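First up is the structure itself, then whatever we jot down about it.
Read-outs throughout are calculated quantities, based only on the coordinates presented, and are distinct from any laboratory measurement. Predicted model only: the values in this text are computed from it and were never measured. Quick reminder, even Gly has a Cβ in these numbers, built from the backbone with ideal geometry, and neighbours come from all protein chains shown.
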Amino acid sequence: MEDQAAKLRQLVGDETSKPKESFFSGGDEKKTRVIAVTSGKGGVGKTNLTVNLAIAFGLLSQRVLVIDADLGMANVDVVLGSLSKYHLLHLLDPDIKLSDVLIKGPYGVNYISGGSGIEKAKEFTADERSVLMDKLSGCGDIADIILVDTGAGLGKNVMDFILAADEVLLVTTPEPTALTDAYAVMKAYSMRAENKNIRLVVNRVYDESESEDVVIKLNQTSKKFLNMPVTAAGYIFEDRKVAAAVRKQKPFLAIEPDSLASRCVKAMAESLLYGGEMHIKQGWRGFLNQIFNFSGK
Ligand SMILES: Nc1ncnc2c1ncn2[C@@H]1O[C@H](COP(=O)(O)OP(=O)(O)O)[C@@H](O)[C@H]1O
Ligand SMILES: [Mg+2]
């Protein structure tokens, strides 16, 4: 705990600090784990999960790279509170190299911006796809884990990213509309993915059993109609500190490391790295927060 707190202070205190290894120090590309974070419905918490999970992995001494591939509503840099000159689509320019678009962001998060405010991107042509793939392939050398924040839904760009990833985290909330849209992604994925590796993250739950109910429901339907069982990678509690952090343009894990949402994301990162299921106790404060729907401030 102490050790983690010290690391976090270091990350928060020295935002310009460079990662120990140089960006291009090389490494074994095969070991890089690529995790796409996606959802059926927008606004369910993908970007917050991606950014905070990246920080949590960093605390566990992983070299992490975030790629903001939500081309419609890219906002990794908004959540991080960072400004970037170049973004992902600049890679299509022959003069722009991967190193030009790689950003050493705050809190030790290295990322490629999706370019917030860019027009909803058209789907790529085959040529554009191959340019992007070629240039992005260099990312494997600089990260142990690459987190790809994709857009929501079933567009071709989104499907390309999730089909190309080793594993997929499908974020949903317990709302019926989010569940229906999550199921649509599971269906499209089940029909096209060669190695099926998709897990649910249930966001904005009030207790663990709410998450379990969602997973049981989706798993039953998925097994029956898609012949694809699904499990959960974890859950995140409803926590007002999330929205408060977003307003400050700071990741909640950096400014509220002991909040419920932060503890969930840290536990999820450990479970993703070392296996085992995550269990978070809400504790007395969580109990009161839930009863009075109050999270301080
Ligand atoms: N665990 C949570 N508790 C409370 N509010 C949340 C939580 N997760 C997300 N939110 C709210 O949802 C909004 C959208 O989250 P975001 O990560 O931008 O979603 P997406 O990337 O899927 O569009 C956040 O700005 C925040 O207000
Ligand atoms: Mg987003």
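Work through the residues other than Gly114 whose Cβ is under 11 Å from its Cβ and net out their charges, Lys, Arg +1 and Asp, Glu -1.
Numbers: positive: none; negative: Asp68, Asp70, Asp77, Asp149.
Counting the neighbours of Gly114, the net charge comes to -4.
Which entries of Lys46/Lys156; Lys31/Lys223; Lys46/Lys281; Lys31/Lys224; Lys31/Lys217 have Cα-Cα distances beyond 25 Å here? Let's see the in-between values first.
On the way: Lys46/Lys156 18 Å; Lys31/Lys223 31 Å; Lys46/Lys281 23 Å; Lys31/Lys224 34 Å; Lys31/Lys217 34 Å.
Table pairs above 25 Å Cα-Cα are Lys31/Lys223; Lys31/Lys224; Lys31/Lys217.
Please work out how much length the chain gains when fully extended from Leu163 to Lys281, using 0.36 nm per residue of separation minus the C-alpha to C-alpha distance, in nm with one decimal.
Values: separation 118, 0.36 × 118 = 42.48 nm, distance 3.43 nm.
In short, 39.1 nm is gained.
From the backbone phi of the stretch 153-167, what are the Karplus-calculated ³J(HN,Hα) couplings (6.51 cos²θ - 1.76 cosθ + 1.60, θ = phi - 60°) in whole Hz, Gly and Pro given as x?
Couplings: x, 10, x, 5, 4, 5, 4, 4, 5, 6, 6, 7, 7, 5, 8 Hz.
Under a 5 Å amide H to amide H cut-off, with H placed in plane at 1.01 Å, what residues pair with Val205 once short-range neighbours are removed?
HN-HN under 5 Å from Val205: Ile236, Phe237, Glu238.
Given points 7 Å out from each Cα along the Cα-Cβ axis, report the Ile216 to Arg199 separation in nanometres with one decimal.
Using points 7 Å along Cα→Cβ, the separation is 2.1 nm.
Report the label-to-label distance for Phe225 and Ala126 in nanometres (one decimal), using points 7 Å from each Cα along the Cα→Cβ vector.
Output for this residue pair reads 3.4 nm.
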